[in-house]
Amino acid sequence: MSLVNSALSAVSTQISILSAGFVAIIRLAAAATANLFGSAGTIQSRLTTALTSTAGQRLVFSVLRALAPNVLIQRKLITAYDNCGTAFVTRFDDVKEVLGRDEDFEVVYGPRMMQITGGQNFFLGMKNTPEFTRDISNMRLAVRRDDIVSIIEPIARQRAAELVDASKNGRIDVPQDLTLRTPAHLLKDYFGAPGPSEREMIDWTTVMFSYLFLDLGADAGLDARALDAAAQCRAYLDAVIQERKMHPTRSDDVVNRCLAMQATGLPGMDDLGIRNYLIGLIIGAVPTTSQAAVQALDQLLDRPDALAGAQQAARVNDDALLRRYIFEALRFNPPSPIIYRRAARDTEIARNTLRALKVPKSTMVMAIPFSAMFDRIKLKDPDCFRIDRPWSDYVLWGDGLHTCFGAHINPVLIPAILKPLLARQGLRRAAGSAGQIDADGTRLPVHLFLEFDAA
């Protein structure tokens with residue numbers, strides 16, 4: 001009987017997937033028709049905007065999951081790295097498979113990481129080698145799990161509260177006044193590398209991050225700015241390390257921990273190694289944290305009931321509940337909607353299934369967490385905002401060997417940044433376009449103006 005029930009359940013789920021796919025086709029057709037008669041911009045620009053919006057992407061991914069969950073095309077969509085074509089992977093299990101098979105689907109960031117450091121790779125761009133194990137182990141000794149609650153959260157919570165309190169007349173530009181500045185402050189008090197100025201560290205890390213992970217078309221102008229920022233950052237960090245060695249301090253920060261490890265003769269902890277570790281860590285510390293915080297807040301603002309629940313959790317200090325609201329919101333606009341890997345050899349995805357896909361060597365494989373987190377086979381009521389989901393439903397920070405180094409930090413740090421703002425009464429978008437995310441020509445949130453009732 002259980003076998004019959006399982007079969008019926010599988011058929012029901014497949015029918016649900018197909019139904020959702022056909023509904024998405026109808027909605028995409030309606031959106032395309034509406035944009036034919038719009039007044040702003042060209043028809044092509046209006047269609048592009050509609051299809052690349054988070055709502056448009058969800059519809060496209062729904063169609064793919066129903067009709068072509070794994071698909072290969074000959075076109076090279078990413079030109080910044082060598083490849084011979086592109087594959088799209090949309091189902092939850094298949095996305096996890098690609099990200100978990102690091103020997104078959106490799107990271108490609110190595111060459112650009114070496115440009116950033118001036119010659120050496122960082123573990124973000126490494127295969128599963130002894131050097132990778134050494135480097136990531138060294139950094140887990142310097143950036144410890146127990147620091148999250150004892151050091152990182154208190155610093156972030158206090159700084160975020162100060163920044164919200166400092167906002168003028170109950171109006172705040174969330175990225176510029178809060179979500180970039182709080183993690184940048186951690187570079188000072190936790191990492192021990194505040195930068196020549198907070199603004200410079202924000203600018204350096206943002207442009208280097210964009211060069212490494214977002215510049216899929218090899219934009220010459222962006223590349224030049226990133227390499228200039230990298231050169232300045234290297235010089236600054238070299239000076240920080242030398243200053244600490246000449247004039248030691250007792251600060252329990254990452255720089256001092258690295259120097260203490262160096263003093264024991266630990267492999268990989270020479271001055272150059274420490275500097276490169278710091279570059280890799282700070283690139284991931286500021287822009288991605290801000291992006292996730294802003295996008296989660298934006299999704300909450302679109303859902304009055306969810307916003308009210310998150311605000312109540314913030315006001316009564318229910319951090320566990322607040323975390324659930326924030327990360328369910330991020331499911332609807334994740335910081336890494338697509339994660340790309342390159343096939344290291346001829347291989348196959350979803351073998352022995354009807355959606356099996358043969359992938360030639362050097363194909364750029366686009367694993368799509370944004371799609372995976374709406375897969376009806378894995379998630380219950382994926383289109384609904386639910387705060388009772390198991391954490392295993394989320395693929396927000398990658399998976400496998402190259403899971404985000406900050407995967408354990410983010411669930412604490414991002415709520416700590418947003419909590420003092422969410423606790424304010426009357427939190428709302430500013431009028432007009434100012435109250436919407438403005439990427440200012442980039443792929444990261446640059447502005448989002450909100451207002452709240454003055455205390």
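The values are calculated or read from the model by the stated rules, or taken from the named source; none is laboratory data. Here the structure is a predicted model, which is why all the values come from computation and not from measurement. With ideal geometry, Cβ positions are generated from the backbone for all residues, glycine too; neighbour counts draw on all protein chains shown. We work out accessible area using only protein heavy atoms, side chains counted, and drop any ligands, DNA or RNA first. Shrake-Rupley method; radii C 1.70, N 1.55, O 1.52, S 1.80 Å.
With contacts defined as alpha carbon pairs under 8 Å and 6 or more residues apart, what's the relative contact order of segment 44-144 in percent?
Dividing the mean separation by the residue count of segment 44-144 yields 14 percent.
Pulled fully out, how much extra length does the chain show between residue 312 and residue 235, if you take 0.36 nm times their separation in residues and subtract their Cα-Cα distance?
Going from the current span to full extension adds 23.1 nm.
In percent, what relative contact order does the chain have, based on Cα pairs under 8 Å that are 6 or more apart in sequence?
With pairs under 8 Å counted, the relative contact order is 23 percent.
Between residue 67 and residue 384, what FRET efficiency follows from the Cβ-Cβ distance if R0 is 22 Å, with the result rounded to 0.05?
0.45
How much of the DSSP beta bridge set in the chain is antiparallel, as a percent to the nearest 5?
85
Figure the gain on full extension for residue 76 and residue 158 (residue separation times 0.36 nm, minus the Cα-Cα span) and round it to one decimal in nm.
Difference between extended and current length: 24.9 nm.
Pairs 127/245; 96/361; 96/188: which exceed 30 Å Cα-Cα?
127/245; 96/188
If you wrap a convex hull around the Cα atoms of the chain, how much volume per residue is inside, in Å³?
166
Report, to the nearest whole %, how much of the accessible area of the chain belongs to carbon and sulfur atoms, 1.4 Å probe, protein only.
C and S atoms contribute 56 percent here.
Taking N as the number of residues in segment 75-124, what is its Cα Rg relative to 2.2 N^0.38 Å?
In units of the globular-protein estimate, segment 75-124 measures up at 1.37.
Given a 1.4 angstrom probe, what's the average accessible area per residue across segment 366-455, in square angstrom?
It amounts to 41 Å² per residue over segment 366-455.
Please give the residues of segment 407-432, grouped as numeric ranges, whose backbone N is less than 14 Å from a label point set 7 Å along the Cα-to-Cβ vector of residue 453.
423-428
How big is the C-alpha Rg of segment 307-452 next to the rule-of-thumb value 2.2 N^0.38 Å, as a ratio?
Normalised by 2.2 N^0.38 Å, the Cα Rg of segment 307-452 equals 1.27.
How big is D, in µm² s⁻¹, for segment 247-308 by Stokes-Einstein at 25 °C and 0.890 mPa s if Rh is the Kirkwood radius over C-alpha pairs?
Rounded, D is 168 µm²/s.
Do the sum for the chain: with -39,500 (n - 2.57) for every DSSP H run of n ≥ 4, divided by all residues, what is the mean residue ellipticity at 222 nm, to the nearest 500 deg cm²/dmol?
So the calculated ellipticity at 222 nm is -16000 deg cm²/dmol.
Indicate the gyration tensor shape class of segment 119-235 (rounded, prolate or oblate), computed on the Cα atoms with a ≥ b ≥ c the square roots of the eigenvalues: a/c under 1.5 is rounded; otherwise a/b larger than b/c is prolate and the rest oblate.
Cα axes put segment 119-235 in the oblate bin.
Taking the Cα centre of each part, how many Å lie between segment 175-254 and segment 102-137?
Using only Cα atoms to place each centre, the spacing works out to 19 Å.
Compute the length gained on full extension between residue 129 and residue 220: take 0.36 nm times their separation in residues and subtract their Cα-Cα distance, giving the result in nm to one decimal.
This chain segment gains 29.6 nm when fully extended.
At a probe radius of 1.4 Å, what is the per-residue accessible area of residue 408, in Å² to the nearest 10?
That residue has around 90 Å² of solvent-accessible surface.
Determine, for each peptide in 217-227, 63-73, the mean count of other beta carbons within 10 angstrom over its residues, then list the peptides with the highest first.
Top of the packing list down: 63-73, 217-227.
For the chain, what is the charge dipole size about the Cα centre, in debye to the nearest 20, if Lys and Arg each add +1 at the Cβ and Asp and Glu each add -1 at the Cβ?
840
Just to confirm, what accessible area per residue do you get for segment 195-345 at 1.4 Å probe, in whole Å²?
Value for segment 195-345: 38 Å² per residue.
Treat each spin label as a single point 7 Å out from the Cα along the C-beta direction, and report the residue 428 to residue 338 distance in nm.
Between residue 428 and residue 338, the simple spin-label model gives 3.8 nm.
I need the calculated FRET efficiency for the pair residue 346 and residue 266, taking r as the beta carbon distance and R₀ as 41 Å, to the nearest 0.05.
The calculated FRET efficiency here is 0.55.
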